[in-house]
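Comments concern the structure below.
The values are calculated or read from the model by the stated rules, or taken from the named source; none is laboratory data. Fair warning: this is a prediction, and the values are worked out from it, not measured in the lab. Don't worry about glycine lacking a Cβ; one is built from the backbone with ideal geometry, like all the others, and counts go over all protein chains shown. Note: accessible area is taken over every heavy atom of the protein model, side chains too, but ligands, DNA and RNA are not part of it. Shrake-Rupley method; radii C 1.70, N 1.55, O 1.52, S 1.80 Å.
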Amino acid sequence: MHIVVCLKQVLDPEIPPKYFKIDPETNRPEDDGDMVMDSYAENALEAAIQLRDSVEEAKVTALCLGDEESEDVLRRALSFTADRAVRVWDDEWEDLDGQAVGHILAQTIKTIGGADFVLTGYQASDIEEGIVGPVIAEELGSSCITLVSDLVWEENTCKVTYETERGYGVLEVRSPAVFTIVSSEKNVPRLPKVKDVRLARSKPIEEIEMEDLESLDIERCKSSLKLERVYVPSREVACEILPGEDGPELAKELADKMVELKVL
Amino acid sequence: MSKVLVYVDQLEGNLSSNAREALTFSKGLANSFAGNVTAVVIGSNVEAAANEAIACGATIVYRAEDPLLADYEVDLYLEALYTAFHQSDADILILPFDRKGKDLIGRLAARVQASAITEVLDFTVEDNDIKWIRPIYGDKAVAEYKATRKKVVVGIRPKSHEQAEPDNARAGEIIPVHLNLSNDIVVNKLIEKMESSLSDVRLEDANIIVAGGKGLGEREVFEDLQELANVLGGVVGASRAACDAGWVPTNLQVGQTGAVVAPDLYIAIGISGASQHLSGITSAKTIVAINNDPDAPIFKRANIGIVKDYKTVLPTLIEELKKKLGKEHKTHA
Ligand SMILES: Cc1cc2nc3c(=O)[nH]c(=O)nc-3n(C[C@H](O)[C@H](O)[C@H](O)COP(=O)(O)OP(=O)(O)OC[C@H]3O[C@@H](n4cnc5c(N)ncnc54)[C@H](O)[C@@H]3O)c2cc1C
Ligand SMILES: Nc1ncnc2c1ncn2[C@@H]1O[C@H](COP(=O)(O)O)[C@@H](O)[C@H]1O
């Protein structure tokens, strides 16, 4: 079984709003800040490794579309014990949208020998398009299960738990399939072992370029959206901080206030 | 001039609240270039929903009806929507970016080679040029995009618009969609489904939400939050950090990747107010925050705040509200 997990490098999403600024010239966040692995993609990585470990002879390939700097996420994947790391990039590919990314990732997956299961995060922590997984599925002609919280291999089939509007469902899924992963108790990212971190440093990262992708469609590598403007809105509300030091007194005040404001 | 098609989801014959929001959005969009709204309904028996869509502002409704569409199955619905989009000859397809939208938008856009944009809050139109407005970077910034392809699939964020109100005097036309569905396209087998009943209040529909975060420190405190919610007639919600800690199930998560809610009252206890959390409560009317850190970002969005360890506040708050609301009930009776 070949499992491919798609990993994106993103600007640290937890940076506090007061340090977050947009450079109006480039329409990008000022001074790039820390770059980290997209958080749902990290859940997907953990899920991929667990699935591999429960199936004989299964292999995980970590795949990233990104410039050289994004090798960090692949190193991290190797330290999670991914078997193979592949980075695909061309300098022409700046400002790609989810559809272009999905097209290129799908063509890369074909080039590296296809996949039984492809795992992506459900929504990347920077632009949050939430479409790359479904686009890959469409491009590869495979089925697509979104918002997957758990995957288990039982009796030679993949049982997939996904979130529904009011609960959950479980599917028996045939390969090939794409799963978009949400965080759950089952896929909390591991702390890599020191030994694995060290090993990861010396493992190769394969590089794939535009020319290597045989059925790439240049039109589909162009973004389907053009970014016109980005700005940081000011949405501060004047908060009425209830005065006082004594907890129970404050509680009483709050209760009064809530009744007074007729919010109850 | 662009032609707008909106997918309106129905549940047991009634339009969903997200569908009625999508109709409001679509009417606004169509008005800005003097066009009409065309809608599509999908299911096994959708006549009532089609009529409701007309009452809520659609001029033409495409009716995609087939016994195979009785229950939502992604591949069949995708095929039905694809066929309707094609048959309607629309340029812009609007869907709520809700549970179904998350399945359908990316695949549909890839299938028709359309531009795709999700989490849309608003739009502007100038000389027939549409700009789509959506938050990015965990709601810390707002971006304006133009589509570069002729066809566009747009996912709008739930709870961002008013729901369209029906006017039963409105008339419209219902057109059947020429479907040619077969169960063969369904490759995966459903083995289990667990859903709460329609009568259970969902976070999305709750008027009062008492939400807890990592700052509560332990799972047990959620029982106190539940008590507070019971006193107020509300429901309990949580931040992602509280869900990730395993204190409450993930379906209680409020925020960008959890439930997008619009209660009259939202009480946030031990929640820092990360932008991803706040993006789920932008439509809350009154926000109350209890947090011991005066610099917590939640105070930039709350209307009423208490800077204090919640442990010294919560027990008295519950007691006081019990007294007050008990009394209120009596005076009303
Ligand atoms: C892609 C992405 C999507 C995300 N989606 C969501 C989402 O949908 N929903 C969501 O909630 N988060 C989401 N997050 C996570 C978000 O960024 C924050 O990490 C999370 O909201 C923090 O949860 P918290 O406020 O409970 O925890 P913390 O940030 O740890 O805050 C705890 C707060 O409790 C306060 N506190 C501590 N002790 C006490 C006490 N005794 N009394 C009173 N106050 C106390 C602290 O001052 C602090 O402000 C997302 C993140 C990413 C990257
Ligand atoms: N450049 C990329 N390289 C690899 N995977 C990506 C890339 N962009 C997006 N993905 C994957 O697609 C998921 C959803 O991204 P998005 O559709 O952009 O919100 C992410 O969580 C990643 O798993």
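Counting residues in the range B:69-88 that are within 17 Å of A:VAL132 (Cα to Cα), open to solvent by 20 Å² or more (accessible area, probe 1.4 Å) and more than 9 Å from chain A (Cβ to nearest Cβ) gives zero. Where helices (runs of 4 or more DSSP H) fall entirely within the range B:192-306, those with at least 2 residues that are in contact (Cβ under 8 Å) with a residue 40 or more places away in the chain are at B:221-232, B:275-278. Screening A:ASP97 against (1) within 16 Å of ligand 1 (Cβ to nearest atom); (2) within 22 Å of A:ASP12 (Cβ to Cβ) leaves a single unmet condition, (1). Checking each residue in the range B:1-32 for being acidic (Asp, Glu) and surrounded by fewer than 24 Cβ atoms within 10 Å (Cβ to Cβ) picks out B:GLU12, B:GLU21.
Of the residues making up the range B:85-113, those that are more than 14 Å from ligand 2 (Cβ to nearest atom) and basic (Lys, Arg) are B:ARG99, B:LYS100, B:ARG111.
Is it the case that B:THR312 is polar (S, T, N, Q), near ligand 1 (Cβ under 9 Å from one of its atoms) and facing another protein chain (nearest Cβ under 7 Å)? First the steps, then the outcome.
Values: polar (S, T, N, Q): yes; near ligand 1 (Cβ under 9 Å from one of its atoms): yes; facing another protein chain (nearest Cβ under 7 Å): yes.
Judged against the criteria, B:THR312 is a match.
Scanning the range B:289-305 for residues that are within 9 Å of ligand 1 (Cβ to nearest atom) and β-branched (Val, Ile, Thr) turns up B:ILE290, B:ILE298. Of all residues being under 11 Å from the mean Cα position of the chain (by Cα) and within 10 Å of chain B (Cβ to nearest Cβ) in the range A:1-42, which is nearest to ligand 2 (Cβ to nearest atom)? Just the residue, please. It comes out as A:TYR40. Evaluation of B:GLU165 against the conditions (1) open to solvent by 90 Å² or more (accessible area, probe 1.4 Å); (2) in a helix (DSSP H, G or I) shows that the sole unmet condition is (2). Taken over the range A:207-264, residues that are under 25 Å from B:ASN207 (Cβ atoms), among the small types (Gly, Ala, Ser) and either within 7 Å of another protein chain (Cβ to nearest Cβ) or surrounded by 15 or more Cβ atoms within 10 Å (Cβ to Cβ) (or both) amount to 2.
When A:ALA41, A:ALA77 are screened for being assigned by TED's automatic domain parsing to the domain that holds A:VAL152, within 16 Å of ligand 1 (Cβ to nearest atom) and on the phi < 0 side of the Ramachandran plot, only A:ALA41 passes.
Six or more apart or on different chains, Cβ under 8 Å: which pairs go from a residue in the range A:171-188 that's closer than 19 Å to A:GLY102 by Cβ to one that's away from ligand 2 (no atom under 16 Å from the Cβ) and of a type in the set (Ser, Thr, Tyr)? Could you list them? Within 8 Å, the pairs are A:PRO176/A:SER143; A:ALA177/A:SER143; A:VAL178/A:SER143; A:VAL182/B:THR250.
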